Amino acid sequence: MSKRITTRWYAAAWVVWLIALVAMAAMLRGNSGAGSPSAGVLLAYLVMAVAGIVMLVMWIGALVKLGVQHTWAWFVAVLVLNLLFLGII
């Protein structure tokens with residue numbers, strides 16, 4: 001997997017996840033009195049789950065490529081930043 005593909009897919013999945021989170025929060029705020037969440041909330045949750053899986057796959061792919069290239073400083077940086085929830089930086 002190339003760096004360009006990994007970066008673009010990771011960033012795009014992060015943006016989609018964030019948009020789905022905002023949409024879900026807006027739907028939950030409007031649905032404050034109902035007992036069960038609406039179909040839109042469940043769809044937003046599903047989109048967030050798929051985007052999270054895409055981010056995980058891209059992160060693991062980047063770590064594998066960095067390990068194969070023996071660039072251990074970048075490997076540790078990518079590993080630690082993602083574990084601290086700063087992977088988009």
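The values are calculated or read from the model by the stated rules, or taken from the named source; none is laboratory data. The structure presented is a predicted model; accordingly, all values stated were derived computationally and were not measured. Cβ atoms come from the backbone with ideal geometry, glycine included; neighbour counts cover every protein chain shown. Remember, those area values only see protein heavy atoms, side chains included, never the ligands or the DNA or RNA. Shrake-Rupley method; radii C 1.70, N 1.55, O 1.52, S 1.80 Å.
Tell me yes or no: at least one residue of region 59-72 is more than 23 Å from MET1 (Cβ to Cβ) and aromatic (Phe, Trp, Tyr). Within region 59-72 (the criterion being more than 23 Å from MET1 (Cβ to Cβ) and aromatic (Phe, Trp, Tyr)), the answer is no, since none of the residues qualifies. Whenever a residue of region 4-31 is assigned to a helix (DSSP H, G or I), its partners that are open to solvent by 80 Å² or more (accessible area, probe 1.4 Å), lying with C-beta atoms within less than 7 angstrom and at least six residues away or across chains, give the pairs MET24/TYR45.
Restricted to region 35-89, and to residues there that are of a type in the set (A, V, I, L, M, F, W, C) and part of a loop (DSSP other than H, G, I, E, B), the residue that is surrounded by the most Cβ atoms within 10 Å (Cβ to Cβ) is ILE88.
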